[in-house]
1. Just to be sure before I move on: is residue 114 part of a strand (DSSP E or B) and at pLDDT below 90 in the structure I sent?
2. Can you tell me which residue in segment 119-142 is modelled with the highest pLDDT, limited to those that are closer than 18 Å to residue 85 by Cα and surrounded by 15 or more Cβ atoms within 10 Å (Cβ to Cβ)?
3. How do the strands (runs of 3 or more DSSP E) wholly within segment 41-94 filter down when requiring 2 or more residues that are in contact (Cβ under 8 Å) with a residue 24 or more places away in the chain, in the same structural domain as residue 190 (by TED's automatic domain parsing) and surrounded by fewer than 17 Cβ atoms within 10 Å (Cβ to Cβ): which remain?
4. Using the structure shown, decide if residue 126 is touching a residue at least 40 places away in the same chain (Cβ under 8 Å), under 20 Å from the mean Cα position of the chain (by Cα) and part of a strand (DSSP E or B).
5. Exactly one of (1) modelled with pLDDT under 90; (2) within 28 Å of residue 153 (Cβ to Cβ); (3) in contact with a strand residue (DSSP E or B) (Cβ under 9 Å, 6 or more places away or on another chain) is unmet by residue 31. Its number?
6. Pairs only if they're at least six apart or on different chains, beta carbon under 6 angstrom, first in segment 232-253 and assigned by TED's automatic domain parsing to the domain that holds residue 201 and at positive phi, second loosely packed, with under 10 Cβ neighbours inside 10 Å and assigned to a strand (DSSP E or B); list them, first residue then second.
7. Search segment 148-170 for residues being part of a strand (DSSP E or B) and exposed (fewer than 13 other Cβ atoms within 10 Å of the Cβ), and hand back the single one that is modelled with the lowest pLDDT.
8. Within segment 102-110, identify whether any single residue is surrounded by 22 or more Cβ atoms within 10 Å (Cβ to Cβ), in the same structural domain as residue 42 (by TED's automatic domain parsing) and out of contact with any helix residue (DSSP H, G or I) (no Cβ under 7 Å at 6 or more places or on another chain), and answer yes or no.
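The values are calculated or read from the model by the stated rules, or taken from the named source; none is laboratory data. Please read these numbers as outputs of a predicted model, since none were measured by experiment. Every residue, glycine as well, gets a Cβ built from its backbone with ideal geometry; the counts of neighbours run over all protein chains shown.
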């Protein structure tokens, strides 16, 4: 009987050790998770070509599509702070999105950001806003910090708008961006010649490494990024057309991996 028990235990341990990570679902766009105040955990993604934020239930069924309107020749750059009670007190969903365009004739980027309701109506439009963060300013008080830039002049003009909020951040504004106050994005995306990598390293981090990875997981190139600037220009015209992934690593941490399409 003792030998039988040992045999069963060994078999159980063997089968347990064979358990593997299994693919749950593949989304074609960068996807993250949030815990909404009343609707609980949801996935959401940014669809750049269609200028949409799509929100999915945990069973991957579509929960809601929010149109993020952008002017002609502008593209989505970021979607964040998907929430229900952070920006107003109604029952709908709100979010922040940033969009940009490249002025080819004058060779500079233009940025703007909006806080919108789920029907697309604007709560606030922030001209020139390239980065938007929700920061705690005192106990139980949070405010929006919008870091704005005007690159049409040299040196560029930089200013910060600070907005009061009626609510507090939800518990799962997931990912290192909110917990470590970092940011990385590339544009234009899709790209053909040169991309500009905009980034913000966390406080007390002076240097990191930007990795560009192909779809097979191979490192195509890597670049040092530091706090002496907030952007980096890299050439992609020698890369084969396809999908690449990029992220910034520092200490033993990295940002979320995002996609870059090269044509």
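1. Values: part of a strand (DSSP E or B): yes; at pLDDT below 90: no.
It is false that residue 114 is part of a strand (DSSP E or B) and at pLDDT below 90.
2. 124
3. Details: elements: 52-56, 62-67, 75-83.
Answer list for segment 41-94: none.
4. Numbers: touching a residue at least 40 places away in the same chain (Cβ under 8 Å): no; under 20 Å from the mean Cα position of the chain (by Cα): yes; part of a strand (DSSP E or B): yes.
Against the criterion (touching a residue at least 40 places away in the same chain (Cβ under 8 Å), under 20 Å from the mean Cα position of the chain (by Cα) and part of a strand (DSSP E or B)), residue 126 does not qualify.
5. (2)
6. Pairs found: none.
7. Of segment 148-170, the ones part of a strand (DSSP E or B) are 148-150, 157-164.
So of that shortlist, the ones also exposed (fewer than 13 other Cβ atoms within 10 Å of the Cβ) come out as 157, 159-160, 162, 164.
On the way: 157: 88, 159: 92, 160: 92, 162: 95, 164: 94.
It comes out as 157.
8. Looking only at segment 102-110, we keep the residues that are surrounded by 22 or more Cβ atoms within 10 Å (Cβ to Cβ), and these are none.
Within segment 102-110, none of the residues are surrounded by 22 or more Cβ atoms within 10 Å (Cβ to Cβ), in the same structural domain as residue 42 (by TED's automatic domain parsing) and out of contact with any helix residue (DSSP H, G or I) (no Cβ under 7 Å at 6 or more places or on another chain).
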